[in-house]
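One structure is given below, encoded as structure tokens.
The values are calculated or read from the model by the stated rules, or taken from the named source; none is laboratory data. Not measured: the values here are computed from a predicted model. Here the Cβ positions follow ideal geometry from the backbone for every residue, glycine too, while neighbour counts run over all protein chains shown. Surface areas here come from the heavy atoms of the whole protein model, side chains and all, with no ligands, DNA or RNA. Shrake-Rupley method; radii C 1.70, N 1.55, O 1.52, S 1.80 Å.
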Amino acid sequence: MQDSKKESNLFRQWGGYAIAVVLSVGLTLASLRVFPGVFLPPAKATSPQVAEVAAVAPVAEPESVAIAPQRAGNFVAMAVNRVGPAVVRIDTERTVSTNLPDPFFDDPFFRRFFGDDGFPQFPKEYQQRGQGSGFIVDSNGVILTNAHVVRGADRVTVTLRDGRELQGEVKGADEPSDLAVVKVEGTDLPVAKLGNSAEVQVGDWAIAVGNPLGLDNTVTLGIVSTLNRLSSEVGIPDKRLEFIQTDAAINPGNSGGPLLNERGEVIGINTAIRADGQGIGFAIPIDAAKEIKDRLARGERIPHPFIGIRMISLTPEIAEEANSDPNSMLLVPEIEGVLVVQVIPDSPAARAGLRRGDVITKIDGDRVTEADQLQRIVEKSQIGKPLRFEVRRGNGTEAIAIRPGELQDANLRQ
């Protein structure tokens, strides 16, 4: 009896297991029928349903290849790399004669006691060396630099950045513009690209390249501080220049080197520093050099008209202040114009009858109110061709014709 009960219980357990298996198989088959794409791998068949499922299935990406980072250069490095090979060092030598006073050496009384061998012999001549910079503007060896770099040079040596030394010849120099052209023998030499200084604006980047203090291939960076700075304001009254002013460091030896913009184009020629200035340098606009470099290369002389006066801009306020000074020796008309403060003897202005204290109000019928304006008119005039000046003298008006002369022929420069 007891055995029959055990068999009955065992039968019921196996029956439950069988029912569970049947239900599981049924549910699985139903799921495969309803959701074949979830439980089965995509078939190779081209049915639309299978193709759609395969299209959206994720594709394993290939392993990424590590790329070494590349160093990005800045605009200064790119500009210098572009122009640097065309920048040269210029070494000069010239013979300087000296006349040392020797009141004792030639006195027979002293020679009587010490003899001829008792006095040192000083050389009457010695070699003076100088150094500056320049840059190549023609692949055949035409170099632009400053006139003061090669002034009076008996020997000019040009050193390229790659170390080559070439003998140079000064083809032409113009002192009023402080520009000179040196020629070396060569072909396919690196050339600096010339920009347009007329497009330069205050605040633009300025890169000075040269050989300051004998340190070759030196680069300094700054900005353009101002434009059209007159040479007379800089303390160089014998020049006819309007400088680009920059705070890029320009030191002795930089003279003649290029001033670059951010694209590596030459916008100026570094030329002057002020001893009392902190971080102020000046460069000749490259447009001024473009106008005369070919003529200098041909050995031509550049004309510079002048009339021979020193002057200031006059306003009624300045005139009133001058007239109120009891020590003033002139009574100045209280008008606008250009006041003549000095007439250089034997100059075109002196020969025409212009006087100290005259106020120039018109030139060739055009009104003149600024000294800079008058200077530009004279510079653009022709040597020997009269300019008609209208001058206020005292209470009257005078008409004076002045024929500009050549500045470099004058004994005293304006």
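Largest first, the residues H304, H148 sort by 1.4 Å accessible area into H148, H304.
Computed in the context of the full set of protein chains, the accessible area of the range 200-290 at 1.4 Å probe radius has 51% of its extent on carbon or sulfur. T95 contributes an accessible area of around 60 Å² to the protein surface, as traced by a 1.4 Å probe with all chains present. Between the beta carbons of M78 and Q201, assuming R0 = 25 Å, the FRET efficiency works out to 0.75 to the nearest 0.05. When peptides 352-360, 204-212 are ranked by their average number of other Cβ atoms within 10 Å per residue, the highest-first order is 204-212, 352-360. Here the gap between E321 and K290, fully extended at 0.36 nm per residue and compared with their Cα-Cα distance, gives a gain of 6.8 nm. Taking packing as the residue-averaged number of other Cβ atoms within 10 angstrom, the listed peptides 160-172, 257-269, 179-191 run from highest to lowest as 257-269, 179-191, 160-172.
Net length available on complete extension from Q342 to D154 is 63.9 nm, with 0.36 nm assigned per residue and the Cα-Cα distance removed. Note on N140 and N217: with the Förster distance fixed at 35 Å, the Cβ-Cβ geometry gives a FRET efficiency of about 0.90.
In this simple spin-label model, placing a label point 7 Å from the Cα along the Cα-to-Cβ direction at both E379 and N228 gives a separation of 1.1 nm. With Cα atoms defining each centre, the range 336-406 and the range 129-173 are spaced 40 Å apart in the structure. To the nearest 10, the accessible area of T361 is 30 Å² with a 1.4 Å probe.
Protein heavy-atom surface of the range 306-405, 1.4 angstrom probe: 46% of the accessible area is carbon and sulfur, with nucleic acids and ligands not counted.
Charges were assigned to the Cβ only: +1 to each Lys and Arg, -1 to each Asp and Glu. The resulting dipole of the range 147-246 about its Cα centre is roughly 20 debye.
Taking the range 162-321, how many lysine pairs are there with alpha carbons less than 16 Å apart, if each pair must be eight or more places apart or span two chains? Count of close lysine pairs: 6.
Each peptide in 329-336, 372-379, 307-314 receives the mean, over its residues, of other Cβ atoms within 10 Å, and ordering these scores from highest gives 307-314, 372-379, 329-336.
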